[in-house]
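Notes to accompany the following structure.
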Amino acid sequence: MSARTLPLLCFLYALSEAGLLWLKRSGKTSADADRGSLPLIWLVISVSMAAAFSCANALPQLALGPAGIWRPAGLLVFVAGIVVRWHAILSLGRFFTVNVAIASDHQLVESGPYRWLRHPSYTGALLAFLGLGLCLDNWASLAALVVPVSVVFWWRMRIEEAALLDPVVFAAETEPAGVGPSPEQILKLAFPGAEEV
C-alpha cells in the first residue's frame, strides 16, 4: 500500500460522510429524537482520528507487528466496512437519516443487511475504523479509533432503539391519534427477523 492510499481513502470516506450529513437529515415531517447524538458522534470520531494518526507517528514502538504486515488486511477490512455501511444505507433508502428521527410514514426495514444484523450501518462504520486502525499498524491507534467510536455508537444505538420503542414518539408518527403500537409491533421492532408466534 502506498503512502498516499490511506489518506486518500480517509478523505473519500470523510467526503461521503459529509455528503450524508448534508443530504440525509430528517425532514420537518419527522419526529426528532436525536438527543444531540449527531454532534457528539462527529466530535468523538474527529478526536479519535486525530489521536490515532498522532499515536501512529509518536509511538512507533507500539507497532502491531513487523512493519506493514497488517496494512493489506486493514485495507480489506476498511473497504468491507464501507461496503457494509453503504449497503445498509441504500437498503434503508429514504428512511436513512444522519440524525435519529421517526418519519411520519416510518416502516421497519427487514431486508438487505437488516435481515441478519440489527445495526449494519454502525457495524460497517466500526469495521472501517478497525481497518483504519490496522492500516496505521499501531496498538494505540487501533484503541484510539475503536474504543471511543464503539462507545459513542453503542450510546447512539440505544437512542435509536428508544425512539423506535417509545410509544409517544413512534405512535405519534406511525399510528392514528391516541393509538399506540401493539405488543406484536413492539416485539417486531425489538427483535427484527424473529418469527411471529
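In table form, for the structure just shown:
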{"read-out": "Residue count for the stretch 55-64, restricted to those that are of a type outside the set (A, V, I, L, M, F, W, C) and touching a residue at least 40 places away in the same chain (Cβ under 8 Å)", "value": "1"}
{"read-out": "Breaking point among (1) outside any loop (DSSP other than H, G, I, E, B); (2) among the aliphatic types (A, V, I, L, M); (3) more than 16 Å from A140 (Cα to Cα), for I69", "value": "(1)"}
{"read-out": "Among (1) part of a helix (DSSP H, G or I); (2) under 14 Å from the mean Cα position of the chain (by Cα), the one test that L75 misses", "value": "(2)"}
{"read-out": "Search result, residues across the stretch 92-141 that are over 28 Å from A56 (Cα atoms), without any contact (Cβ under 8 Å) to a residue 60 or more places away in the chain and of a type in the set (S, T, Y)", "value": "S111"}
{"read-out": "Pick from the stretch 128-149, criterion of a type in the set (A, V, I, L, M, F, W, C) and surrounded by fewer than 20 Cβ atoms within 10 Å (Cβ to Cβ), ranking: nearest to A67 (Cα to Cα)", "value": "W139"}
{"read-out": "Verdict on E110 being more than 12 Å from the chain's Cα centre (by Cα), among the charged types (D, E, K, R) and part of a helix (DSSP H, G or I)", "value": "no"}
{"read-out": "Subset of the stretch 32-51 [part of a helix (DSSP H, G or I) and without any contact (Cβ under 8 Å) to a residue 24 or more places away in the chain]", "value": "P39, W42, L43, S46, A50"}
{"read-out": "Residue match in the stretch 88-100 (condition: crowded, with 21+ Cβ neighbours inside 10 Å and assigned to a helix (DSSP H, G or I))", "value": "yes"}
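Each value in this text was obtained by applying a stated rule to the coordinates, not by laboratory testing. Quantities reported herein were computed from a predicted structural model and do not represent experimental measurements. Cβ atoms come from the backbone with ideal geometry, glycine included; neighbour counts cover every protein chain shown.
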